[in-house]
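Chemist: Okay, here's the structure, questions in a sec.
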Amino acid sequence: TGGTYVPPAKLRALMAEVELEADSEEFQTLQWENLKKKINSTVNKANKENIKELVVQLFKLNLSRGRGLLCVSLIKSQQLSTSYSDVYASLVSILNSKIPEIGSLLIRRLITRYKRMVRREEIESCRSIVVFLSELTLFHVCSQTLIMEIIMDLLEKPTDFRIDMIISILDHCGVLLYDNESVWF
């Protein structure tokens, strides 16, 4: 379609006319776009009530192939609505129990993004990342050591921005850090 919108019924009719081989580039591109749409729509539906059904839907998809798409979708959705950070973290926790590569990829991408946002001092983007990492720590996807390293890094050059990020972290996982790492805390 060249990036233009085609209604689903018309697209199905067009696809019925065209025969694509399973190993052709066009077929692979269509499969990739279809996987991307399904992952995005499933992640965007996430809330506390339907998380069980969404996990089943996600496991039916090819997550080993689309784990990068899943991470991008989770990061974007969480950044748009930080109030659902706990929902997205619990979703990642469940997925991570069966496919650990998803959790590690997500954390690596969040850390890379965090470093960029701290350098630019983009308050809202950085806050959403540290909130997500804090929630992932609460769900045991991310280690407490990483959160402690982020706090120590932020304390090296204290500014209002950096102190605000520390407060955001402590609001979400301060009790966990205090209970488990009381000497460090």
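Chemist: Taking THR82 as the residue in question, decide whether it is closer than 30 Å to LEU146 by Cβ, at pLDDT 95 or above and either open to solvent by 50 Å² or more (accessible area, probe 1.4 Å) or hydrophobic (A, V, I, L, M, F, W, C) (or both). Working first, answer last.
Modeler: Values: closer than 30 Å to LEU146 by Cβ: yes; at pLDDT 95 or above: no; either open to solvent by 50 Å² or more (accessible area, probe 1.4 Å) or hydrophobic (A, V, I, L, M, F, W, C) (or both): yes.
It is false that THR82 is closer than 30 Å to LEU146 by Cβ, at pLDDT 95 or above and either open to solvent by 50 Å² or more (accessible area, probe 1.4 Å) or hydrophobic (A, V, I, L, M, F, W, C) (or both).
Chemist: Restricting attention to the stretch 63-76, which residues are open to solvent by less than 10 Å² (accessible area, probe 1.4 Å), under 11 Å from the mean Cα position of the chain (by Cα) and not hydrophobic (A, V, I, L, M, F, W, C)?
Modeler: SER73
Chemist: Taking the options ILE99, ILE111, ILE129, name whichever one is under 21 Å from the mean Cα position of the chain (by Cα) and modelled with pLDDT under 95.
Modeler: Numbers: ILE111 fails: modelled with pLDDT under 95; ILE129 fails: modelled with pLDDT under 95.
Being under 21 Å from the mean Cα position of the chain (by Cα) and modelled with pLDDT under 95 holds for just one of ILE99, ILE111, ILE129, which is ILE99.
Chemist: Still on this structure: Can you name every residue in the stretch 116-158 that is open to solvent by 20 Å² or more (accessible area, probe 1.4 Å) and aromatic (Phe, Trp, Tyr)?
Modeler: Of everything in the stretch 116-158, just one residue is open to solvent by 20 Å² or more (accessible area, probe 1.4 Å) and aromatic (Phe, Trp, Tyr), namely PHE139.
Chemist: Sticking with this structure for a sec: Just to be sure before I move on: is SER90 within 13 Å of the chain's Cα centre (by Cα) and open to solvent by 20 Å² or more (accessible area, probe 1.4 Å) in the structure I sent?
Modeler: So SER90 passes the test.
Chemist: Which ones in the stretch 93-115 are closer than 21 Å to PHE161 by Cα and either open to solvent by less than 30 Å² (accessible area, probe 1.4 Å) or outside any helix (DSSP H, G or I) (or both)?
Modeler: Residues satisfying the conditions are LEU110, TYR114.
The values are calculated or read from the model by the stated rules, or taken from the named source; none is laboratory data. Just so it is clear, the model here is predicted, and its values are computed rather than measured. Because the Cβ atoms are built from the backbone with ideal geometry, glycine has one as well, and the counts that use them run over all protein chains shown. Just so you know, the surface numbers come from the protein's heavy atoms only, side chains and all, with ligands and any DNA or RNA stripped out. Shrake-Rupley method; radii C 1.70, N 1.55, O 1.52, S 1.80 Å.
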